[in-house]
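The values are calculated or read from the model by the stated rules, or taken from the named source; none is laboratory data. Because the structure is predicted, anything quoted here is derived from the model rather than measured. Glycine gets a Cβ as well: all are built from the backbone with ideal geometry, and neighbour counts include every protein chain shown. What goes into the accessible areas is simple: the full protein's heavy atoms, side chains included, and nothing from ligands, DNA or RNA. Shrake-Rupley method; radii C 1.70, N 1.55, O 1.52, S 1.80 Å.
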Amino acid sequence: VFYIPLLLGMLQLTIAVYEAEDLTRAARPALVAMALGGLALQVKYTALPQCLALGGAILWRFWRLGARPAALARHAATFAVLGLVPTALVAAGYALAGHFEAFAYANLTSIFARGRLIGPEAEAHLRWIASGSSWLWFAALVGAAIIAARRREPRTAYWLAALYVAAALVGMVLVGNIYTHYFIPAATGLALLAAPAFSASPLRRFLALACIGLAFGFAHLDGLAARGDVNRAALPRLAAAVQPYVGVSDRCLYVFDGPPALYGQTGACLATRYVFPDHLNSALERRSIGTDPTAEMRRLFASRPGAVVTSSLGALPMVNPQTAAIVKDELARNYTRTAEVFLPPKQVWIYVRNDQIGR
């Protein structure tokens, strides 16, 4: 979500371009808008549809202000450069460090190598999006109806916000899998389209308050805050339970399913370079990490990690059955569960290698 303020800034600057009366005044906000788009792309590549849509809208405005085809081509090239510079600089840094291939694989190739959400997992995200955004779509339709009832042309800002929403919906499906949080950019645009429904009359103000109440209800902020408090309190207890059984150069820690923050909390060495649990425990990542997860799991257990962390729920949303079977077998033969800590919504279990217990 960190790229969304950048995209909203890009939208605001695009509106400023349309409010400018000549090319000279339109040029500066256009360039800043494209620079913000480039930063947004470096944070999240799914910002590409919004960048293309708003960049195209700016070029259209330039044409309406009198720019000739040759000038439009120069502007388009400039926009493309501004959009690519942040990513190019990061890529150059990795190249200088000798890791460009890893950068390219992690940022591009691996995205399209991921598995697909299927069945109940995919349907659950779609249900959350549909139920959670229904009130927002309703408010946006009310806003559109109010504008239509006025029988006058909507302000340009309204059409640009609609373009932003359409592009955000394309971005939501761009990489195949649809997760609930992928809808957030479109939700911000829908809130803008709903603005006419929230202004002026007491009835509209009541509608605004009702929608805000629905938004807070859907977000479950009180539950999230309570869960955050429990998690913050639980992490030190987890670290204290793991600490005696791991080291900085041997007896490494492996978190199969649990908080990766444990690595930093304990200062333990890493049993694998794939420290984010999903890399080895999720079937979705089976072809996307650049190595065979089953072989990597066998290698890391051959190094005899001092402690292994797993949980009552297992990998979500789709467990890798091969790596899960290896973990289950290793824990049954060579490890003993020594502690468990509740980390909502699951119990996190700590397993210690048998020859470490009682030392």
Practice task
Considering each residue of the stretch 302-317, count those that are surrounded by 22 or more Cβ atoms within 10 Å (Cβ to Cβ) and either in contact (Cβ under 8 Å) with a residue 60 or more places away in the chain or in a helix (DSSP H, G or I) (or both), and give that number.
Solution key: 3
Handout entry: the stretch 269-283: number of residues that are free of Cβ contacts under 8 Å to residues at least 24 places away in the same chain, part of a loop (DSSP other than H, G, I, E, B) and not β-branched (Val, Ile, Thr)
Key = 4
Practice task
Give the residues of the stretch 339-356 that are surrounded by 15 or more Cβ atoms within 10 Å (Cβ to Cβ) and not in a strand (DSSP E or B), sorted by residue number.
Solution key: 356
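Those residues that are open to solvent by 70 Å² or more (accessible area, probe 1.4 Å) and either outside any helix (DSSP H, G or I) or modelled with pLDDT of 75 or more (or both), I need them from the stretch 201-235; list them, please.
Filtering the stretch 201-235 down to residues open to solvent by 70 Å² or more (accessible area, probe 1.4 Å) leaves 202-203, 205-206, 209, 212, 214, 216, 218, 220-222, 224, 227, 229, 232.
Result: 220, single match.
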Fill in the blank from the handout: Just one listed residue, out of 288, 312, is modelled with pLDDT under 90, in contact with a strand residue (DSSP E or B) (Cβ under 9 Å, 6 or more places away or on another chain), closer than 29 Å to residue 115 by Cα and not acidic (Asp, Glu), and it is 312
Exercise for the section: Run residue 67 past the list (1) closer than 30 Å to residue 15 by Cβ; (2) open to solvent by 60 Å² or more (accessible area, probe 1.4 Å) and report the number of the one that doesn't hold. Expected result: (2)
Exercise for the section: State whether the residues of the stretch 38-45 include one that is open to solvent by less than 20 Å² (accessible area, probe 1.4 Å), under 20 Å from residue 191 (Cβ atoms) and under 20 Å from the mean Cα position of the chain (by Cα). Expected result: yes
Handout entry: Any chance residue 83 is in a helix (DSSP H, G or I), touching a helix residue (DSSP H, G or I) at 6+ places or on another chain (Cβ under 7 Å) and either more than 28 Å from residue 161 (Cβ to Cβ) or of a type outside the set (A, V, I, L, M, F, W, C) (or both)
Key = yes
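Taking the stretch 5-24 only, how many residues are in a helix (DSSP H, G or I), of a type outside the set (D, E, K, R) and over 29 Å from the mean Cα position of the chain (by Cα)?
Taking the stretch 5-24 as the starting set, the residues that turn out to be in a helix (DSSP H, G or I) are 5-19, 23-24.
Then drop every residue that is not of a type outside the set (D, E, K, R), which leaves 5-18, 23-24.
Checking the rest, the ones that are also over 29 Å from the mean Cα position of the chain (by Cα) come to 17-18, 23-24.
Selection size over the stretch 5-24: 4.
Please find, within the stretch 284-301, the residue that is surrounded by the most Cβ atoms within 10 Å (Cβ to Cβ) out of those that are under 24 Å from the mean Cα position of the chain (by Cα) and not in a helix (DSSP H, G or I).
Kept after step one, since they are under 24 Å from the mean Cα position of the chain (by Cα), are these residues of the stretch 284-301: 284-291, 293.
From what is left, the residues that are not in a helix (DSSP H, G or I) are 286-291.
Working: 286: 19, 287: 14, 288: 19, 289: 21, 290: 14, 291: 12.
The extreme case among them is 289.
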Handout entry: Count - residues of the stretch 29-66 that are within 17 Å of residue 5 (Cα to Cα) and outside any helix (DSSP H, G or I)
Key = 1
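In this structure, does residue 258 turn out to be modelled with pLDDT under 90, under 23 Å from the mean Cα position of the chain (by Cα) and open to solvent by 20 Å² or more (accessible area, probe 1.4 Å)?
Values: modelled with pLDDT under 90: yes; under 23 Å from the mean Cα position of the chain (by Cα): yes; open to solvent by 20 Å² or more (accessible area, probe 1.4 Å): no.
So residue 258 fails the test.
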Exercise for the section: Could you list all residues from the stretch 171-200 that are aliphatic (A, V, I, L, M), over 18 Å from residue 116 (Cβ atoms) and assigned to a helix (DSSP H, G or I)? Expected result: 184, 186, 187, 190, 191, 192, 193, 195, 197
